[in-house]
Every structure is written in structure tokens, then in C-alpha cells.
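The values are calculated or read from the model by the stated rules, or taken from the named source; none is laboratory data. A quick note: this is a predicted structure, and the numbers were derived from the prediction, not measured. Here Cβ is always computed from backbone atoms with ideal geometry, including for glycine, and neighbour counts include all displayed protein chains. Calculation scope for accessible area: heavy atoms of the full protein, side chains included, ligands and nucleic acids excluded. Shrake-Rupley method; radii C 1.70, N 1.55, O 1.52, S 1.80 Å.
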Amino acid sequence: MSNVKIEESWKAALVEEFKQPYFQTIAQFLRKEKEAGKQIYPPGSLIFNAFNTTPLEKVKVVVLGQDPYHNPGQAMGLSFSVPRGVTVPPSLRNMYKELVSDVGFTPPNHGDLTAWAEQGVFLLNAMLTVEKNKPSSHRDIGWQDFTDAVIRTLSREREHLVFLLWGAFAQKKAVLIDDSKHLILKSPHPSPFSANRGFFGNQHFSKANKYLEEKGLGAIDWSLPS
């Protein structure tokens, strides 16, 4: 991960994590995989894209995904987001549907959520890398030790954040969050397999904004440029 850079506020907050043996294990694993000719997503420069786009002190909302998209050209280091020109994936399409009914959203013709990240929506995946065409392939290499530490850091260092935990995997992370100083919103995942079981109609986007406004923090503009 020699070409990997992470934004200064995160670097300072997570300095002890980077020294941990598990983090060295992650770096060694990724280096060996690349040397073996395996394709890893996202590209090295985008592994910490969520951190670089949303500094620690700017975070307002945390959207927790599982692992990066594993098909070519999709993963960009922001959970649920894909670069412009890439077909909008099914889960994100369902997020757009919920946004339409919840806040009168106009779906763009792309799936790039950078505009959210720049406003303080921290689009974090629990695993920050994946092997091409192999979902969850990096589930056990140590990334969850790191991202659990990230969630604990957010809970401890900040207050009045909104955590959107969609699906059983994300909801297990609630134990890392102090719910006396943050809002935790849970629902089924936006995947086509579960969206009809309670993701649609959860109104999480408007609920997040209501909470942020009540705390004097300013709402997220969920609209996306076309």
C-alpha cells in the first residue's frame, strides 16, 4: 500500500491502528496478492477515498456498507457509489427510489455519490478491498479490525452523528456506537433481496436531516448533480 495516502485528521486519529500487527498483515497480504497478478479493487489510490473526501471533523452521517464492488470499474472507495459511466447497481437504485418517496429526490443518470461525501456523508465499507469477481474475498484479512476502530473513533471523538445501518451485517456494528450521543437508524438492506422488507419507507434520509437540524448541524442536500 505504498501509494496509499490518508487525510491528515484521520491519520492522526488512527495513528495507533496503523502500527498494529493486523494492519501490517493487511499490507503484506495485498502486496503478495498484487505480486501474484491478482486484480484488487478499488485501485490503491482510492482505498481510503471515503477518508480523503470526508475528514473526521466534517462527518455528519455514516453509511456503512460491507465490501467494495467486485466487478471491473465499479469500486471507487465510497460505499454504494460507482463512477460516472458505470451502470447504477441494484442497491443504489433502491436507495434512489427511497430518496424519491422520502425527500422528493430526482435520480441522476449515474451512481457517483461524491457530492454526499463532500458534505459529510462518510461512505464507509467494512472491508476496504476485494479481489476481482470474488465478493467478500477480503472479509478476514484484518480490515474489520481497522474499520471497527474507525467506527469507535467516530463514536468517541464526535457527537450527534447519524449512523445508517442497513441489513444484519451493518446492524452488528451498533455495539461500537454510543447511542446516548449519536442517532442510530436501522432497517433491512436496500438490496433487491430485502428492500421490500422494510428498507422502502424507512425515511432514513429525512430522519437524518431532522436530527441534524435539531442539533444545529445543518441538513445534507441529498440531491445529486446530473
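Quick rundown of the values:
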read-out: Residue count, segment 1-11 (criterion: modelled with pLDDT of 95 or more and either open to solvent by 70 Å² or more (accessible area, probe 1.4 Å) or over 21 Å from the mean Cα position of the chain (by Cα) (or both)); value: 2
read-out: Subset tally (residues that are under 24 Å from the mean Cα position of the chain (by Cα), among the basic types (Lys, Arg) and farther than 14 Å from residue 47 by Cα) for segment 19-33; value: 1
read-out: Selection from segment 147-160 of residues that are open to solvent by less than 20 Å² (accessible area, probe 1.4 Å) and in contact with a helix residue (DSSP H, G or I) (Cβ under 6 Å, 6 or more places away or on another chain); value: 149, 151, 153
read-out: Residue satisfying all of: in segment 185-212; under 19 Å from residue 115 (Cα atoms) and out of contact with any Ser or Thr (no Cβ under 9 Å at 6 or more places or on another chain); most open to solvent (accessible area, probe 1.4 Å) among these; value: 206
read-out: Residue selected from segment 115-146 under the condition closer than 20 Å to residue 219 by Cα and in contact with a strand residue (DSSP E or B) (Cβ under 8 Å, 6 or more places away or on another chain), by the criterion surrounded by the fewest Cβ atoms within 10 Å (Cβ to Cβ); value: 120
read-out: Residue 48 crowded, with 18+ Cβ neighbours inside 10 Å, touching an Asp or Glu at 6+ places or on another chain (Cβ under 8 Å) and over 30 Å from residue 204 (Cβ atoms); value: no
read-out: Identity of the residue in segment 83-113, crowded, with 17+ Cβ neighbours inside 10 Å and touching a Leu at 6+ places or on another chain (Cβ under 7 Å), that ends up nearest to residue 211 (Cα to Cα); value: 105
read-out: Close pairs from segment 6-26: first touching a residue at least 12 places away in the same chain (Cβ under 8 Å) and in a helix (DSSP H, G or I), partner among the hydroxyl-bearing types (Ser, Thr, Tyr) and open to solvent by less than 40 Å² (accessible area, probe 1.4 Å), Cβ under 8 Å, at least 6 apart; value: 13/153
read-out: Residue count for segment 161-184, restricted to those that are under 18 Å from residue 199 (Cα atoms) and open to solvent by 50 Å² or more (accessible area, probe 1.4 Å); value: 3
